[in-house]
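Reviewing the structure listed below.
Throughout, read-outs are computed from the coordinates displayed, never taken from laboratory work. Remember, predicted model here, so these are calculated numbers, not experimental data.
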Amino acid sequence: MEGKITDLEANYNELKEKHEGLEVELEDLKGCIIQEHINGFQKGLWQATFFCKDVDVSDSRFDVNKDVVDSQVISEVESSLEEESERWRLRTIRTGKRSWQL
């Protein structure tokens, strides 16, 4: 019985170490994902500047708190939950499948 307890404690400690290592790895991966999103956004800004030379991307009208919906720029605050759910419903009907991307 004493030997079995020792084995279980050893297994527990081993699993605990693996779990802690996985938590660190998960945090690293989260950071990488966030950085890739930032890099992709920056690439988009650079391309917009390159292809639309007459557009000033530092213009105050560019606002990350706004979105383009149905060819109109709207504030995210103005976009209600009902509108969002209706857009999802229409997209599902149009495409025939559910998608979490707009």
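Tabulated data
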quantity	calculated
Lysines with Cα under 23 Å of Lys18, excluding same-chain neighbours fewer than 8 positions away	Lys4, Lys30
Whichever lysines have a C-alpha closer than 25 Å to that of Lys66, once near sequence neighbours (fewer than 8 apart) are set aside	Lys43, Lys53
For region 15-62, alpha-carbon Rg relative to the globular expectation (2.2 N^0.38 Å, N residues)	1.93
